[in-house]
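Student: Structure incoming, see below.
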Amino acid sequence: MILKVSRLGNPVLRGVAREVAPQKIGDRDFQRLLDDMVETMHEYEGVGLAAPQIHVPLRVAVLEVAQHPRYPEMAPIPLTYLINPVVTPVDEHTIEDWEGCLSVPELRGLVPRYKSVRVSALGREGDKLDFVATDFHARVVQHETDHLNGMVYLDRMKDLRSLSYLLEWHRYALSEPPARKTGSTKAGRR
Ligand code: NI
């Protein structure tokens with residue numbers, strides 16, 4: 001089922017989400033929640049979705065980049081379920097790049113993120129996940145897990161002056177010469 005996405009101003013986006021009890025992961029209701037999150041992410045062409053974005057204050061996120069229609073140049077990220085994720089930077093190296101968010105529609109902004117992060121979480125079957133995500137993958141993980149702590153990408157921006165409406169972003173930000181700070185055009189909605 002496609003769910004309604006919460007937008008900035010809804011307190012559910014600013015609360016700290018609760019851990020999922022591992023013994024609940026197999027429950028039919030919880031498994032249906034995971035299906036609904038994926039369906040909702042696909043419907044809105046997001047590359048990730050966190051449970052607070054569908055009004056559920058639990059520490060759950062889904063992510064996937066598979067031949068994204070608007071960003072075919074992105075390296076694919078397999079469909080991943082992150083339950084109770086813990087994210088730790090591998091080192092201090094950060095990269096600034098564009099982000100958008102389904103809960104902050106129509107906007108893009110430049111956000112610094114750790115280049116590589118270690119991710120520990122439970123998967124859809126309660127299985128233990130432990131992997132290192134890099135570059136865009138790391139960015140999506142950090143964006144989604146921020147949602148579980150009541151943060152949105154705007155809170156991470158160093159300078160709000162890059163904030164652009166989509167139309168203007170396409171018209172101006174993407175047409176700047178490659179000498180600018182980041183040459184990338186990646187900006188999935190999460
Ligand atoms: Ni988001």
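Student: Tally the residues that are modelled with pLDDT of 95 or more and over 21 Å from Ala121 (Cβ atoms), restricting the search to segment 51-98.
Tutor: Within segment 51-98, residues that are modelled with pLDDT of 95 or more and over 21 Å from Ala121 (Cβ atoms) number 8.
Student: Scan segment 115-155 residue by residue and report those that are touching a residue at least 24 places away in the same chain (Cβ under 8 Å), over 23 Å from Val56 (Cα atoms) and open to solvent by 60 Å² or more (accessible area, probe 1.4 Å).
Tutor: Arg118, Val132, Asp135, listed by residue number.
Yes/no matrix, rows are residues, columns are (1) away from the ligand (no atom under 15 Å from the Cβ); (2) at negative phi; (3) at pLDDT 95 or above; (4) out of contact with any helix residue (DSSP H, G or I) (no Cβ under 7 Å at 6 or more places or on another chain):
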site	(1), (2), (3), (4)
Glu106	no, no, yes, no
Lys115	yes, yes, yes, no
Arg124	yes, yes, yes, no
Asp127	yes, yes, yes, yes
Phe131	yes, yes, yes, yes
Val141	no, yes, yes, yes
Glu144	no, yes, yes, yes
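Student: Do you know which residues across segment 118-175 are in a helix (DSSP H, G or I) and among the charged types (D, E, K, R)?
Tutor: Asp135, Arg139, Glu144, Asp146, Asp155, Arg156, Arg161, Glu168, Arg171 - these are the residues of segment 118-175 that are in a helix (DSSP H, G or I) and among the charged types (D, E, K, R).
Student: If we only count strands (runs of 3 or more DSSP E) wholly inside segment 1-99, which ones have 1 or more residues that are under 24 Å from Arg113 (Cα atoms), open to solvent by 70 Å² or more (accessible area, probe 1.4 Å) and away from the ligand (no atom under 16 Å from the Cβ)?
Tutor: 77-89
The values are calculated or read from the model by the stated rules, or taken from the named source; none is laboratory data. Since this is a predicted model, take the numbers as computed values, not measurements. Here Cβ is always computed from backbone atoms with ideal geometry, including for glycine, and neighbour counts include all displayed protein chains. Just so you know, the surface numbers come from the protein's heavy atoms only, side chains and all, with ligands and any DNA or RNA stripped out. Shrake-Rupley method; radii C 1.70, N 1.55, O 1.52, S 1.80 Å.
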